[in-house]
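Engineer: First the structure, which I've put down as structure tokens, then a few questions once you've had a look.
The values are calculated or read from the model by the stated rules, or taken from the named source; none is laboratory data. It should be emphasised that the depicted structure is a prediction, and the values quoted were computed from it without experimental measurement. Neighbour counts are summed over all protein chains in view; Cβ atoms, including those assigned to glycine, are modelled from backbone coordinates with ideal geometry.
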Amino acid sequence: MKKTFQIMGAVAAWFAVLLQFYISMKFADSRAAEAIRFFSFMTIWTNIIIAVYYTVLILSPQTKLGRFFSRPMVQAGLLLYIIIVGLIYHLILANQWNPQGLEFIADQSLHTVVPILYLFYWIFFSEKEKLSYSSALKWLEYPVIYIVYSLIRGAITGKYPYFFVDVTKLGYATTLTNASYVLAAYFVLGLLLVFVNNLMTNKEAIDRRVEIEM
């Protein structure tokens, strides 16, 4: 069942990314410029990572990368990242446009289907161990890297992936304030995730002890 779910997750994630890439390229005036723009979104970064995660665990779980992805802290971190992709979209970005047809399918796949599938996978199939609350700080590395990349790219091109980090319209003070709010959300949800993870870990330990005693 675990392998089946991994295959489902991989198919869903690769389908979502490739469909969105196809749509982006189809209507692009400059394919090179559009490709660069396409890979500037946190949604795409995170869905690709989830797709690679599933694929590696299916095809080569014993490799160095496979062992890295098998670490409970990494699996929990991926849950944090993909859930925040969905939350930011549905709470902040969804009302900014009204996709139709293939765009709607790609949009929902990236922001709803893949996050929900990974949430279920993490709950029922991922290995868990007790995590330190300092993990919430470690998990900030990824969004910090993304924000720095977006600001550098924007300073060069004048284009920013999301309106709440658009320096051209907001200025650096407001943009950095917005970025700090995003990082705070990652941190708070990261702490909550550690709490839930440790509760589940304790429950699994109790269940195993009961089975042994019986």
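Engineer: Confirm whether Met8 is touching a residue at least 40 places away in the same chain (Cβ under 8 Å), in a helix (DSSP H, G or I) and surrounded by fewer than 16 Cβ atoms within 10 Å (Cβ to Cβ).
Structural biologist: Numbers: touching a residue at least 40 places away in the same chain (Cβ under 8 Å): yes; in a helix (DSSP H, G or I): yes; surrounded by fewer than 16 Cβ atoms within 10 Å (Cβ to Cβ): yes.
Spelling it out, Met8 is indeed touching a residue at least 40 places away in the same chain (Cβ under 8 Å), in a helix (DSSP H, G or I) and surrounded by fewer than 16 Cβ atoms within 10 Å (Cβ to Cβ).
Engineer: For the range 81-105, give me the residue count where each residue is within 16 Å of Ser126 (Cβ to Cβ) and buried (at least 20 other Cβ atoms within 10 Å of the Cβ). Please lay out each step first, then the result.
Structural biologist: Applying the first criterion (within 16 Å of Ser126 (Cβ to Cβ)) to the range 81-105 yields 81-83.
Keeping just the survivors that are buried (at least 20 other Cβ atoms within 10 Å of the Cβ) gives 81-82.
Number satisfying all stated conditions: 2.
Engineer: For the range 88-106: of the residues being in a helix (DSSP H, G or I) and without any contact (Cβ under 8 Å) to a residue 24 or more places away in the chain, which is nearest to the chain's Cα centre (by Cα)?
Structural biologist: Here is the first cut: in the range 88-106, the residues in a helix (DSSP H, G or I) are 88-96, 101-106.
When the remaining residues are screened for being without any contact (Cβ under 8 Å) to a residue 24 or more places away in the chain, the result is 90-91, 94-95, 101, 104.
Details: His90: 14, Leu91: 16, Ala94: 17, Asn95: 20, Gly101: 24, Phe104: 19 Å.
Ranking the qualifying residues of the range 88-106, first place goes to His90.
Engineer: Just the residues that are in contact with a His (Cβ under 9 Å, 6 or more places away or on another chain) and polar (S, T, N, Q), please, taken from the range 91-140. Quick ask: steps written out before the conclusion?
Structural biologist: Taking the range 91-140 and keeping what is in contact with a His (Cβ under 9 Å, 6 or more places away or on another chain), we get 93-94, 111-112.
Within the range 91-140, just Thr112 meets the criteria.
Engineer: Ok, one more. Checking the condition at pLDDT below 95, part of a helix (DSSP H, G or I) and surrounded by 18 or more Cβ atoms within 10 Å (Cβ to Cβ), which residue from Ile50, Ile23, Ile36, Ile44 passes? Before you say what the answer is, go through the steps one by one.
Structural biologist: On the way: Ile50 fails: at pLDDT below 95; Ile36 fails: surrounded by 18 or more Cβ atoms within 10 Å (Cβ to Cβ); Ile44 fails: at pLDDT below 95.
None of the other options fit; the residue is Ile23.
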